[in-house]
Amino acid sequence: MSKPLAGIRIVEMAGIGPGPHASMMLSDLGAEVVRVVRPTAPEAEYTMTTHTLRGRTTVLADLKDPDALEGVRQLLDSADVVVEGFRPGVMERLGVGPEESLARNPRLVFARMTGWGQEGPLAEAAGHDINYISLTGALHAIGPADHPVPPANLVGDFGGGSMFLVVGVLAALFERERTGRGQVVDAAMVDGAGVLVQSLLELRRIGMWTDERQSNLLDGAAPFYRTYRCSDGRFMAVGAIEPQFYALLLEGLELDPAGLPDQNDQSRWEEVAEVFAEVFERHPREYWTKVFEGTDACVSPVLTFEEAPDHPHVAARGSLVRRDGSVVAATAPRLSAAGATPTPDGGVQELAAVADAWSR
């Protein structure tokens, strides 16, 4: 099957986190990705052994070596996209920044992945996911009432980072079809995280969200939108927001709605949650999974990464699969004409050979 980005050539300057993740997605969509790795970098030790790096051809290049630098310039001359995640100014100091590269290849999309962006007071500062989401309000909104909890690095690095870089690259490639010219994509995690919380900002604007954690509909305050411990120490996830789904939740828990406060009486949410918690703790997770299986109560087991690939729905779609002893995510989104199989790895090749092949 032909994938939508077949024929698109991408140079990925090796890094960690959202840059490689974005390049993985672009490769899954059919782009030919060449990953440039410093010979002495830690990345060289695990190149092609992690599934986040799948679908790449890897070349080793020390950009302080004039010959290697010229080889990378040749790659960029023939590339459609370059993905880099260095601090602002690093690519410029190496002589392969956007001004130089676009002068040589006006069709190039120069995609820059950073935490703080290419400009602003913190542009040159170090940071991690937790820092980027802390300045947007996203971190403040997550966790129990007494303290915020970082949601791993999903909101900044990947939700606000790699996903927005992919969107920017695709938009720039689409515009290039009209203008014939590439451009710079400034994908900053602090910007992306801000966009991710827009719906909460809207709820806040209309008085349906407060800045107090665990006091809102979707942050664990509502008894019908939180997790509950079972008798075996495992958990069930409950998302029965709509009245008809809430009724099915009560039916599965064998609770009489007449004996409970109104679903939307926020002043008594904790009282209801205590009742739900007591009922869930009567039985193990497997019991509750069977009770709610096939219903619209919006209740599901909270699975570990090890368990997830074996869930019937996840297994049927192949969303997560086991490969080489690891749990691996399949391609997403799925396009009808492309299939969901990741692009095969290209292995490690000589820089000069790849640059020569691309120049033809």
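Values quoted throughout were computed directly from the atomic coordinates according to the rules given, and no laboratory measurement underlies them. All of these numbers come straight from a predicted model, not from anything done at the bench. Note that we place each Cβ from the backbone using ideal geometry, even for glycine, and neighbour counts take in every protein chain shown.
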Next on the checklist: For a Förster distance of 51 Å, can you work out the FRET efficiency between the beta-carbons of Leu203 and Asp67, rounded to the nearest 0.05?
Outcome noted: 0.35
Checklist entry - Expressed as cubic angstrom per residue, what is the convex hull volume of the alpha carbon set of region 89-207? => result 120
Checklist outcome for this item: Charge tally for neighbours of Arg334 with beta carbon under 15 Å away, counting Lys, Arg as +1 and Asp, Glu as -1, is +1
Item to check | Ascending count of other beta-carbon atoms within 10 Å, so fewest first, for Glu254, Glu124 | outcome: Glu254, Glu124
Checklist outcome for this item: For region 211-360, the Kirkwood Rh over every pair of distinct alpha carbons, in Å, works out to 18.7
Item to check | Neighbourhood net charge (13 Å Cβ-Cβ; Lys/Arg +1, Asp/Glu -1) for Gln198 | outcome: 0
Checklist outcome for this item: Applying the span-like rule to the chain (DSSP H, Cα extent along axis at least 20 Å, Kyte-Doolittle mean at least -0.5) gives 163-179
Checklist outcome for this item: Percent relative contact order for region 225-310, counting Cα pairs under 8 Å at least six residues apart, stands at 43
Checklist entry - If R0 is 56 Å, what FRET efficiency do you get for Val328 and Arg107 from their C-beta distance, rounded to 0.05? => result 0.95
Checklist outcome for this item: Between Val348 and Val321, the FRET efficiency computed from the C-beta separation at R0 = 22 Å comes out, to the nearest 0.05, as 0.30
Checklist entry - Peptides 223-236, 298-311: what's the order by average Cβ count within 10 Å, highest mean first? => result 223-236, 298-311
Checklist entry - Where does region 225-310 land on the Kirkwood hydrodynamic radius, alpha-carbon pairs, in angstrom? => result 13.2
Item to check | Coordinate range along principal axes, alpha carbons of the chain, Å, largest first | outcome: 77, 44, 40
Checklist entry - Taking a label point 7 Å from the Cα of Phe174 along the Cα→Cβ vector, which residues of region 182-211 have an amide N closer than 20 Å to it? => result 182-188, 192-193, 195-196
Checklist entry - What number comes out for the charge environment of Gln266, summing +1 per Lys or Arg and -1 per Asp or Glu over other residues with Cβ under 14 Å away? => result -4
Checklist entry - Relative contact order for the chain: what is it in percent, counting Cα pairs under 8 Å that are at least 6 residues apart? => result 19
